[in-house]
1. Against the globular-protein guess of 2.2 N^0.38 Å, express the Cα radius of gyration of region 4-79 as a ratio, rounded to two decimals.
2. Could you tell me the relative contact order of region 326-520? Use alpha-carbon pairs under 8 Å, at least six residues apart, and round to a whole percent.
3. So if a site counts as exposed when it's one of the trypsin sites (Lys or Arg not before Pro), its DSSP state isn't H, G, I, E or B, and it has at most 14 other Cβ atoms within 10 Å, what's the longest stretch of the chain without one?
4. For the chain, what % of the accessible area comes from carbon and sulfur atoms, probe 1.4 Å?
5. Write down the radius of gyration of region 22-129 and its Dmax, each obtained from C-alpha positions, in Å.
6. Can you tell me the relative contact order of the chain? Whole percent, Cα pairs under 8 Å, sequence separation 6 or more.
7. Rounded to two decimals, what is the ratio between the C-alpha radius of gyration of region 254-310 and 2.2 N^0.38 Å?
8. State in Å² the accessible area per residue of the chain; use a 1.4 Å probe, count heavy atoms of protein chains only, and round to the nearest integer.
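The values are calculated or read from the model by the stated rules, or taken from the named source; none is laboratory data. Everything numeric here is computed off the predicted structure, so don't read it as measured data. Cβ placement follows ideal geometry from the backbone for every residue including glycine, while neighbour counts extend to all protein chains displayed. Note: accessible area is taken over every heavy atom of the protein model, side chains too, but ligands, DNA and RNA are not part of it. Shrake-Rupley method; radii C 1.70, N 1.55, O 1.52, S 1.80 Å.
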Amino acid sequence: VAISAVAGILKQLKRPRKKVVVKPSDISGVEEPEGLCAGDREGNRWLQYDSGSLPLSEEQWESQQYVEKTHWGYYTWPREMMIHAASEKPKDDLPYEEMSEGEKIIFEYFSDPEFIDQLIEFLSLEDRKGKDSFNPRRFCLFKGLFRNYGDMFLPLLWPHLEQLASDPHESSQRCVCEITAGLIRGSKLWSFSQVDRLWKVLCPLIRTALTNITVETYTDWGTCIATACEGRDPRKLHWLLELLMQSPLSGEGGSFRDASLLYVLQGGLAQQQWRVSELLHRLLAYLEPKLTQVYKNVRERIGSVLTYIFMIDVALPNTRPTSSPHVAEFITRVLERLKPLTSEPEIHNHVHEENTQETDERTQAVKLLKTVLKWLMASAGRTFTTPVQQQLQLLPLLFKIAPVEIDENYDEMKQDARTCLSLMSQGLLYPEHIPLVLAALEEMAGSRSWHARFSVLTYLQIMVFYNLFTLLSVPAEVLRIRTLVMQLLLDEQLEVRDMAGTTLSGLLQCQFFPLDSSLQTQLQTLSQTRLPKARGELASTGTHTMTHTHTHF
């Protein structure tokens, strides 16, 4: 309660800063087109992170216009766009004689070494072992202190921060996370000289802390960096962003540290969304050769990071194509590397975590496919739209892997493929996507693998249920689905015929297509047709199935 109260007081003591009204076209030199035109365009390019024009000197820092709100400029500009006046240079220090009575009281307490020692000792205590997490109230306290008083308290706090960063204990790392996030956010309006001094010492401190990252602390560091980058102009955080981009998958601290560093980097980039397209391209180029990672935790984290890399690649009305990475181009490159698997009737996982030495094309393709599966699963619940056309190119591979039933022996790749098919079948389809999906299903219905033919039917059931009304609006495609189901009703494999009967029954029950006289006649004819006796198991199985299929109706 005391911490929240002091944070509230600091917010009330916040000194107003002069703001000016600006016209975006005056800054960009580009007039906005008439009508709505969202997305990346010439008129908002000046807001993008550009490593070639970062503010590295005081002159460059003061010559640029900064917009902290991430959403400004992407869809449209505010009617009256106000930013902090560049002409009002902040003082490096707030003189004691110019402080109000309330400001003096807080200043005196936080300038007292004994008080600071006791405060840090309290904040770094372990409260509930295994249950403590990044505390936003403490973050707000330090954000207010550094916002209102600049770097006046850093000399007293810094030795404590260095000691905490070097201590891998959970409570120590959590404490340094809270103070670091408050420091970065609180320095938003500092002068260049203050900010430059800060990052010269803060970068080594963060690097030290990330070296000591553990299972208990990696989420706190992810929250710290995400909180620090929220609502900030990325150009003013280039020290931090460039630090996090430095070889996150170095392998120096093992697979856990690699996955953790990617998690922390992801937290920062996700807050910046469309304004760091250069960093997203650089990260994708760095990750692509490493998609054949052998460790499961790293594959999962890469999959999650890829989701955010492609997050802005959405096709919306009146929206220009993003300058961030595109899914279609990535899938094209991935499919080229997966060619060793495309000709196989079934794909089996022969790569295990301890097997890191094999470099043949098929082994590398299997490793790559396992990472791509993690990406598809992570994308299903986070992306704004379903990239149907791109995902469809991976469907044949997924159908070859996914098992009909879950094996007792756990196989990560099979289970992931099964999950991917389930998630993709639940995706929203637009009318123009339906022919593409059905073409892929028709192709797989002719596969040599009966597992693939079986999976086509389970995919079809879910797809029709989730897109019932869209499909009903296209009668020609309904007829294609009916033809496909009838084709698989005559499949040579018993399991496929059985599932086709179940699928047909479900489609009839939900009135997807009617049980008209032509269909009844066709089914009756099939059920009464006796197959000729032949050698082998196939003939006897076929005779049994024709009778069995009739029982569904």
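1. 1.43
2. So the answer I get is 18 percent.
3. 132-381
4. Percent of accessible area from carbon and sulfur atoms in the chain: 53.
5. Reported Rg and Dmax, both Å: 21.8, 62.
6. Normalised by residue count, the contact order of the chain is 10 percent.
7. Dividing the Cα radius of gyration by 2.2 N^0.38 Å gives 1.07.
8. 48 Å²
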